[in-house]
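Novice: Have a look at this one.
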Amino acid sequence: MGKQEHYVWWQKGIIYQVYPRSFQDSNGDGVGDLPGILSRLDYLEWLGVDAIWISPIYQSPMADFGYDISDYCSIHPLFGTLDDFDRLLTEVHKRGMKLILDLVPNHTSNQHPWFLESRSSRDNPKRDWYIWRDAGPNGTVPNNWLSVFGGTAWEWDEATQQYYYHAFLKEQPDLNWRNPDLQKAMFDTMRWWLDKGVDGFRVDVMWHMIKDEGFRDNPVNPDYQPHRATYEKLIPIHSTDQPEVHDIVHKMRAVMDEYDDRVMIGEIYLPVERLVMYYGKDNRGTHLPFNFQLLTIPWQSGRIYSVIEEYESALPSGGWPNWVLANHDQPRIISRIGPYQAKIAAMLLLTLRGTPTIYYGEEIAMRDVAIPPNEIRDPQGLNMPGLNLSRDPSRTPMQWDDSEYAGFSKVKPWLRVPYSYPRINVKVEQLHALSMLSFYKTLIDLRRKEPALNIGDYRSVYSDKQIIAYLRQSGDSRFLVVLNLTHRPCYFRPGNYPFEGTIELSTEPERIGLPAKDDLTISGDEGLIVRLKL
Ligand code: GLC
């Protein structure tokens, strides 16, 4: 994208993911809700994020905590009412921020009226809105496809004597995106929210949306290891990422384009070369296919450096990058890379080229909370016991202060807070200049202020077995970012890259303001941002 071009909010801005069950409880039921989020908007505005993405808030039996939707156009009473939603949207907009909803088009709840109709008889007009198949010989499942949450992906329906397909829980039957009536119904759902003024959607499991027409068996994964989820026993080449998905994404994008200034983000776990296909032909696909590489690769300088390079060069012309460190399905960053590297991760996320998404609580250094076995709520954990796959540890209540239940609720929350909450919380960290929160705030302020960091070019400068270094530049604003991805000290001597400037930000605050020229000694776990002289 050329310098003179106009950058839109979702390119320049920072996205913040709220998991609504765990952000703020306002009515004393131990579960977060919309008025709760509303009461914390001042915090988000202070933090300096531009857009809030909230995980599903719709009517749902909660088999998968809201990702099993039984009515796309209403709010679950746990979270509040449509009036609460409208108020939230108005207040978000008043503060100059944007609100992004979660759209779950791949599957509904088995309690959705569409599915109730579909399963009522083989000739119901909605039968074909879901994926029904006859049993194989001797009553076996139609093919070998597996559910992400364990076991076969097929569920037998006694009444109509067919199987239906569910990529996730049996309570989450997959929709049939080859059916034009279903497509229209989902596009109308999108319009219903867009008419209200929501600023975009994060589209759940976009790469799952359409399956092989012939329902061929998936091949066995020769690299499967028994400690992994059972889903990984097969390579899902026929059940996900089908060529036809791009037509669907294109049509969804066309709906977004009926409105001004909206964004469509796709949840897609795929290798880079397949991921970038979701930008679509001529960038008419999803605006931001979520780039999850930083949360899937080992935390090693060489790997991170080459992932950035690969991603930058795989992007289609005009395709805008984005980076993610964590979300509600993955361990928190501290629990992956440890507390000392967490500030480095924050620096990386907020200085790379492309839209960053921050998962709630990362900014205060929340870590995965140890949940006793009898308190596990996540179906992924419950269905595959013994593999430690529960996602509850990274979904625990936001830690606001040192009062009981961390200021999240007046009563015992749906998931416990950690013992450490009296020292790891927003209130304490706001007062402490060296806290993670203060560090995030400084980084965010710098990113917002400096064009080099929010829209500037990216150029790799150097990497070795400990360090990565890169340049961000836009006009007169130029920064060199040097990150030590290990605990040991090291030297930054990029022989072919003489530079001179001032340390703008460091994980060692004593260095801020000091001059930097040509080579630097770097402490273990240190990250530096050097403002370069012109
Ligand atoms: C996505 C969601 C996850 C959910 C799954 C099924 O991966 O992020 O939380 O369980 O889809 O809807």
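Novice: Would you work out the charge dipole size for the stretch 35-113 about its Cα centre, treating the Cβ of every Lys and Arg as +1 and the Cβ of every Asp and Glu as -1, and quote it to the nearest 20 debye?
Specialist: Working: 5 positive and 11 negative charges, 34 e Å.
That gives the stretch 35-113 a dipole magnitude of about 160 debye.
Novice: Rg and Dmax of the stretch 77-185, Cα atoms, in Å?
Specialist: That works out to 18.0, 62 Å for Rg and Dmax.
Novice: Using the Cα centre as the reference, give the magnitude of the dipole from point charges on the C-beta atoms of the stretch 247-312 (Lys, Arg: +1; Asp, Glu: -1; all else neutral), rounded to the nearest 20 debye.
Specialist: Working: 7 positive and 11 negative charges, 40 e Å.
Rounded to the nearest 20 debye, it is 200 debye.
Novice: Before anything else, pin down the relative contact order of the stretch 1-131: Cα pairs under 8 Å, at least 6 apart, normalised by residue count, whole percent.
Specialist: Numbers: 196 pairs, mean separation 27.8, N = 131.
Contact order relative to length: 21 percent.
Novice: Please work out whether the stretch 126-235 counts as rounded, prolate or oblate from its C-alpha gyration tensor, where a ≥ b ≥ c are the square roots of the eigenvalues and a/c under 1.5 means rounded, while otherwise a/b larger than b/c means prolate and anything else oblate?
Specialist: Values: a/c = 2.47, a/b = 1.44, b/c = 1.72.
Oblate.
Novice: Could you give the size of the charge dipole of the chain about its Cα centre, using +1 on the Cβ of each K and R and -1 on the Cβ of each D and E, expressed in debye and rounded to the nearest 20?
Specialist: Numbers: 57 positive and 71 negative charges, 227 e Å.
Once rounded to the nearest 20, the dipole reads 1080 debye.
Novice: Restricting to the stretch 32-176, compute how many DSSP beta bridges are antiparallel as a %, nearest 5.
Specialist: Numbers: 11 of 15 bridges.
Around 75 percent of the beta bridges assigned by DSSP in the stretch 32-176 are antiparallel ones.
Novice: Right, another one. List the pairs from LYS12/LYS233; LYS343/LYS517; LYS211/LYS343; LYS343/LYS410; LYS126/LYS211 whose alpha-carbon separation is above 29 Å, in the order I gave them.
Specialist: Details: LYS12/LYS233 40 Å; LYS343/LYS517 23 Å; LYS211/LYS343 41 Å; LYS343/LYS410 32 Å; LYS126/LYS211 18 Å.
Violating the 29 Å Cα-Cα cut-off are LYS12/LYS233; LYS211/LYS343; LYS343/LYS410.
Novice: Among HIS250, THR442, HIS487, flag the residue with its Cα farthest along the positive direction of the charge dipole of the chain, charges on Cβ as +1 for Lys/Arg and -1 for Asp/Glu.
Specialist: Among HIS250, THR442, HIS487, the one farthest towards the positive end of the dipole of the chain is HIS487.
Novice: With a cut-off of 8 Å between alpha carbons and a minimum separation of six or more residues, what is the relative contact order of the stretch 312-414 in percent?
Specialist: Numbers: 116 pairs, mean separation 25.2, N = 103.
Relative contact order for the stretch 312-414 comes out at 24 percent.
Novice: Right, another one. Heavy-atom accessible area per residue, the chain, 1.4 Å probe: how many Å²?
Specialist: On the way: 21040 Å² over 534 residues.
Per-residue value: 39 Å².
Novice: Let me ask something else about it. Two-decimal Rg/Rh of the stretch 450-534 from alpha-carbon positions, Kirkwood Rh?
Specialist: On the way: Rg = 11.9 Å, Rh = 12.7 Å.
Computed over Cα atoms, the ratio is 0.94.
Novice: Right, here's the next one. For the stretch 350-436, state the average projected area of the convex hull of the C-alpha atoms over all orientations, rounded to one decimal in nm². Working shown, then result.
Specialist: Numbers: hull surface 29.6 nm².
If I average the Cα hull's projected area over directions, I get 7.4 nm².
Novice: Rg/Rh for the stretch 75-137 to two decimals, with Rh computed the Kirkwood way over all alpha-carbon pairs. Write out the running numbers ahead of the final one.
Specialist: On the way: Rg = 18.4 Å, Rh = 15.1 Å.
Using only Cα positions, Rg/Rh for the stretch 75-137 is 1.22.
Novice: Same structure, new question: Could you work out what % of the accessible surface of the chain is carbon and sulfur, using a 1.4 angstrom probe and leaving DNA, RNA and ligands out of the count?
Specialist: Numbers: 10700 of 21040 Å².
Here carbon and sulfur together make up 51 percent of the probe-accessible area.
Novice: So in the chain, what percent of DSSP beta bridges are antiparallel if you round to the nearest 5? Numbers along the way, then the final one.
Specialist: Values: 43 of 67 bridges.
About 65 percent, rounded to the nearest 5.
Novice: Rounded to whole Å and sorted largest first, list the principal axis extents of the Cα atoms in the stretch 313-404.
Specialist: The Cα atoms of the stretch 313-404 stretch 50, 34, 20 Å along their principal axes.
Novice: Using a ≥ b ≥ c from the Cα gyration tensor of the stretch 170-313 (square roots of the eigenvalues), is it rounded, prolate or oblate, where a/c under 1.5 gives rounded and otherwise the larger of a/b and b/c decides, a/b for prolate?
Specialist: Working: a/c = 2.11, a/b = 1.29, b/c = 1.64.
Note, shape of the stretch 170-313 comes out oblate.
Novice: Further, regarding this structure: Assuming a viscosity of 0.890 mPa s and a temperature of 25 °C, what translational diffusion coefficient in µm² per second does Stokes-Einstein assign to the chain, Rh being the Kirkwood radius over Cα pairs?
Specialist: It diffuses with D of about 101 µm²/s by this estimate.
Novice: Choose one of SER420, TRP320, THR521: the residue whose Cα lies farthest towards the positive end of the charge dipole of the chain (beta-carbon charges +1 Lys, Arg; -1 Asp, Glu; about the Cα centre).
Specialist: THR521
Novice: With contacts defined as alpha carbon pairs under 8 Å and 6 or more residues apart, what's the relative contact order of the chain in percent?
Specialist: Values: 1129 pairs, mean separation 66.4, N = 534.
It rounds to 12 percent for the chain.
Novice: Where a ≥ b ≥ c are the square roots of the eigenvalues of the C-alpha gyration tensor, would you call the stretch 486-534 rounded, which needs a/c under 1.5, or, failing that, prolate if a/b is larger than b/c, or oblate?
Specialist: Since a/c reaches 1.5 but b/c is at least a/b, the shape of the stretch 486-534 is classed as oblate.
Novice: Using the Cα centre of the chain as origin and beta-carbon charges of +1 (Lys, Arg) and -1 (Asp, Glu), tell me which of GLY475, ILE297, SER74 is placed farthest towards the positive end of the dipole.
Specialist: Towards the positive end, the residue furthest out is GLY475.
Novice: Can you compute the radius of gyration and Dmax for the stretch 131-176, using only the Cα atoms, both in Å?
Specialist: 9.8, 26
Novice: Ranked highest first by average number of other Cβ atoms within 10 Å, how do 438-447, 180-189, 50-59 line up?
Specialist: Values: 438-447: 19.7, 180-189: 15.6, 50-59: 23.4.
Final packing ranking: 50-59, 438-447, 180-189.
The values are calculated or read from the model by the stated rules, or taken from the named source; none is laboratory data. Because the structure is a prediction, the values reported are computed rather than measured. FYI the Cβ positions are ideal-geometry reconstructions off the backbone, even for glycines, and counts take in every protein chain you see. What goes into the accessible areas is simple: the full protein's heavy atoms, side chains included, and nothing from ligands, DNA or RNA. Shrake-Rupley method; radii C 1.70, N 1.55, O 1.52, S 1.80 Å.
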